[in-house]
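Below is one structure, written out as structure tokens; comments come after it.
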């Protein structure tokens, strides 16, 4: 399964910061198991919302130069509260540094005035063809798919 953990990019300062939102819905299938009597967004998904937001900041700033953007490291991750169905999470991610193949960020997720997650983290970005030139076509397909999704997230 592939989860998309942001619904909309609401503000962008290219290469510097991004603000995105995620509305938590009871219809999201993983909530049936996490937890049936007290459904909340899993903590790792809260962190992934920050990572996805930062990934879009990298893609936009580098003109979609890489097909792959992955978490390299996460530090000082703090979960402070829960995100339950009906809540909207606002993610605010600031870039500390965006280089060619690595980047670092700090981010916070809030619901209203309450902070629910905060972290410092780094990403690694690359193309599959960097290691196997035969995968250049796959890189191109992934980049085109990400460009289409970006058009839906930030319009």
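Readers should treat all values here as calculations from the given coordinates under stated rules, not as data from a laboratory. Keep in mind that this is a model prediction, so the values were computed, not measured. Backbone-built Cβ (ideal geometry, glycine too); neighbour counts: all protein chains shown.
Short-range pairs are left out: with C-alpha atoms under 8 Å and at least six residues apart, the relative contact order of the chain is 25 percent.
Along each principal axis, taking the top coordinate minus the bottom one, the Cα set of segment 19-103 gives 45, 25, 20 Å in descending order.
When the chain is treated as a Gaussian network with alpha carbon springs shorter than 10 Å, the biggest mean-square fluctuation among 101, 132, 76 belongs to 132.
I want to make sure I understand the PRE zone here: with the label point 7 angstrom from the Cα of residue 135 toward its beta carbon, which residues in segment 56-82 have backbone N atoms less than 17 Å away? Label zone hits: 65-72. Could you work out which residue, out of 42, 133, 85, moves most in a Gaussian network model of the chain, that is, has the largest mean-square fluctuation with Cα springs under 10 Å? Largest GNM mean-square fluctuation: 133.
Note on 68, 137: ascending count of other Cβ atoms within 10 Å places them as 137, 68, the fewest first.
In the elastic network of the chain, a GNM with C-alpha springs shorter than 10 Å, the most mobile of 29, 17, 52 is 29. Cα centroids of segment 81-155 and segment 3-63: how far apart, whole angstrom? Computed from Cα coordinates, the inter-centre distance equals 9 Å.
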